Every structure is written in structure tokens, then in C-alpha cells.
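To start, the structure under review is shown below, and the notes come after it.
The values are calculated or read from the model by the stated rules, or taken from the named source; none is laboratory data. Everything numeric here is computed off the predicted structure, so don't read it as measured data. In this analysis, Cβ positions are derived from the backbone assuming ideal geometry, glycine residues included, and neighbour counts consider all displayed protein chains.
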Amino acid sequence: MITFLDMKSAYAELKPELDAAYARVMESGWFVLGKEVEAFEAEYAAFCGTKHCIGLGNGLEALELVLRAWDIRAGDEVIVPSNTYIATWLAVTAMGATVMPVEPMPNGPNIDPDRIGAAITSRTKAIMPVHLYGEPADMDAIMALAGKHGIKVIEDVAQAQGAKVRGRRTGALGHAGAHSFFPTKNIGAYGDGGAVTTDDPKLAERLRALRNYGSRVKYVNIERGYNSRLDELQAAMLRVKLPKLDEWNERRRVLAARYDDRLAGIPGLGLPRAPQWAEPVWHLYVVRTERRAELVKALDKAGIGSLIHYPIPPHLQQAYADIGLARGAYPLAEQMADTVLSLPMGPHMQPESVDAVAEVVRATLS
Ligand SMILES: *Cc1c(COP(=O)(O)O)cnc(C)c1O
């Protein structure tokens, strides 16, 4: 049995510290917007290399609140990847704004900067690149384009905490970075959680009000806000995990290199290829094959977990049927959806398990 992601071993490794953090918060009698959140915000901002971090309820609301703080609304356009998790699109359409999907690079998974220019119009207010599977998007090219056109960039960092572009962390590369601490992310809480990182003091101040009913002073509401706050228990847990993040990401890197080696030369199997300037954090190890159904069956039979990220691109979801994008509208995203398969990956996976997975893949596809 090789599980897709071993969550129990993560707890086992940090049990004394996590249990102590839990007890500390329980005994404090203070659960929302207190010392733990404040400390985590400072520590996470330092980790990412930004001036500010604002702890929020989850990753989707982190994306939404930034768009809201930038006053993006109906009539505005936001450039998003055609190949992404649906949350990216949901944040834009929740504002009443229009998604302008752009295809990934031919070998995927991230938005192709060479195609962004053609999608920019006089209504474009922002670009929302996603660092999918833990692989950074081409932020240098995206920031250059955004600068030229005077538009904002919000990074979706949900899958890439700790990743770097030329030595700088994701979340510090755009005008704002939206993070998720959903339990399965590279730094996961024990429930929902999220954050925004930014160097912009005005954005930070606005987000602090927006997350708390639009209020800076208790019972004085300066705008119609949300309730979207990282809570004290989750912040305390994340403070235990943050000092481990680089080490846990390094373990993922070792496993990814081993997969690269053991899976080399298998006919019809596409392996992930990060660009030279990127330091990915391997949230997922995603291969591509036209014979996916067969491979899933074989892995399943061998007791090996695998998942598809994602089987249906956002434009073909029923949730977006009303925008009228049929099959064929984004062929590269559709091809990814039809061929990608995520193999087991995580900081507690045994290196020998990589060999066992690779053997099944080779035997099935050779
Ligand atoms: C997980 C994820 C989100 C949403 O985060 P939640 O905390 O679950 O709301 C957004 N974008 C991407 C790419 C994700 O993987």
C-alpha cells in the first residue's frame, strides 16, 4: 500500500510541538485574531520576503479579498490560466468580473506568457498566474507585461509555498500573493486557512478591515466586509510547521529527482520539466500519458494511490456553462485534463516507494 499523501506521519513527526501549541491556545481562552495569528503573520511574511502578511479564512477568500481590495468589479477583466483549479476562476467571477483564460505552455502546466499579450484589453485590471503543482509561473515575463500595461498581478500560491524564482519566493513576486493552508498543501493547517502576502501597506490595511466585517475599530464599519480570519488554533499549528517547510520541500525534491530517474525513457510518458530559473516545491508530481485509464487501473491494483489534477478544466465545468465555452475552446487545457496523472508525493513518502511506483508505471506502459 502506497498512499497518495501520508498525513498521519506528518502529525507523528511533530506531535509534541503540535499538541503543545493546541494546549497553549486552548488554555489562553482566546481564539480569533490574537497573538498567534499576529506572530504567524510576522513569521510567514519573513519567510516569503514580504513586508506584510494577512491571515485569512482560506485560499479562495485570499484571492477574492485582494480583487475586492483592488475594486475589481463587473465590466473588469482578469487574465487567468485556462489550466487551473476552479478556485482561481471563482474568485474573479465572485466579483462579477470577467475571466479571460490564457492557455498553458505546450508542455504545461503554467500560463504561457507569450499568449498573455493578446488577451490584454482596455478593461484588463489584473493577471492571476497560478504556480500549479508547485512549479513557479514565469513571473519575470508576467511582471514585465503587467508593468508595461499598468495592471496588477496576484499570484495564486496555493500549491507553491516556498518555491522560488531566481532565489526569490513565490508570494513576493507579484503585487500580492494568495496562499492556502488547506491540510493537503505543502504547509497545511488542521482545517481551513489562508493568507495574503504583499509589500503594499495600503493593500494590507484594506485587507485587515475587509477580513473583519470592514472594521478597523470594533463596531465601526467603514465598508461592507467579510468574515474571513485565520483562527488562533490554525495559526499556532502553522507556526509549528513553518520552520519545517524548507526541509519538507527538500524531501519532495529528492523524491521528484528519483521519479525523474526511475521513470526516464518510458514510451509515451511525459515527465514534469521545470524551467532552469525555477525552484519548484513539488506539491504534486504529475506525469502525462494517453493511456491514463489503464495506468490508474494498474496502480490501483498494486495498492498505489493516484489522483487527477484536474479531470475537467474550468471552462467545461457545469458551473461555467453560462459563459458558453465549448470543448475545443482551450485545447491545451483540455489535453492536460485528458492526460495528467499525479503520482504519490509528500515529505513522508519513502524513497523506495518511488521505485515501486515506477516499476508499475514501466510494466504497464512498456
Ligand atoms: C487549494 C487551492 C485554492 C483554494 O484554496 P482553499 O484554501 O481550499 O480555498 C486556490 N487555488 C489553487 C490553485 C489551489 O490549489
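Overview of values
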| quantity | calculated |
| --- | --- |
| Checklist (1) touching an Asp or Glu at 6+ places or on another chain (Cβ under 7 Å); (2) closer than 27 Å to Asp355 by Cβ applied to Val32, failing item | (2) |
| Segments classed as strands (runs of 3 or more DSSP E), wholly inside the range 191-302, with at least 3 members that are out of contact with any Leu (no Cβ under 7 Å at 6 or more places or on another chain), closer than 30 Å to Leu365 by Cβ and among the β-branched types (Val, Ile, Thr) | none |
| Scope the range 161-188; condition among the hydrophobic types (A, V, I, L, M, F, W, C) and either farther than 16 Å from Thr198 by Cβ or surrounded by fewer than 24 Cβ atoms within 10 Å (Cβ to Cβ) (or both); matching residues | Ala163, Val165, Ala172, Phe181, Phe182, Ile187 |
| Qualifying residue in the range 271-289 (condition: in contact with a helix residue (DSSP H, G or I) (Cβ under 7 Å, 6 or more places away or on another chain) and surrounded by fewer than 14 Cβ atoms within 10 Å (Cβ to Cβ)) | no |
| Selection status of Tyr330, farther than 28 Å from Ala12 by Cα, crowded, with 19+ Cβ neighbours inside 10 Å, touching a residue at least 24 places away in the same chain (Cβ under 8 Å) and not hydrophobic (A, V, I, L, M, F, W, C) | yes |
| Filter result for Ala178 (touching a helix residue (DSSP H, G or I) at 6+ places or on another chain (Cβ under 8 Å), aliphatic (A, V, I, L, M) and either within 16 Å of the ligand (Cβ to nearest atom) or over 30 Å from Ala337 (Cβ atoms) (or both)) | yes |
| Qualifying position, being among the aliphatic types (A, V, I, L, M) and within 24 Å of Pro109 (Cα to Cα), among Ala204, Ala195, Ala189 | Ala195 |
| Residue within the range 85-103 that is in contact with a Lys or Arg (Cβ under 8 Å, 6 or more places away or on another chain), under 24 Å from Leu284 (Cα atoms) and in the same structural domain as Gly59 (by TED's automatic domain parsing) present | yes |
| Qualifying residue in the range 136-149 (condition: assigned to a loop (DSSP other than H, G, I, E, B), within 12 Å of the ligand (Cβ to nearest atom) and at pLDDT 95 or above) | yes |
| Lone unmet requirement of (1) surrounded by fewer than 21 Cβ atoms within 10 Å (Cβ to Cβ); (2) more than 25 Å from Pro136 (Cβ to Cβ); (3) touching a helix residue (DSSP H, G or I) at 6+ places or on another chain (Cβ under 9 Å) for Ser228 | (1) |
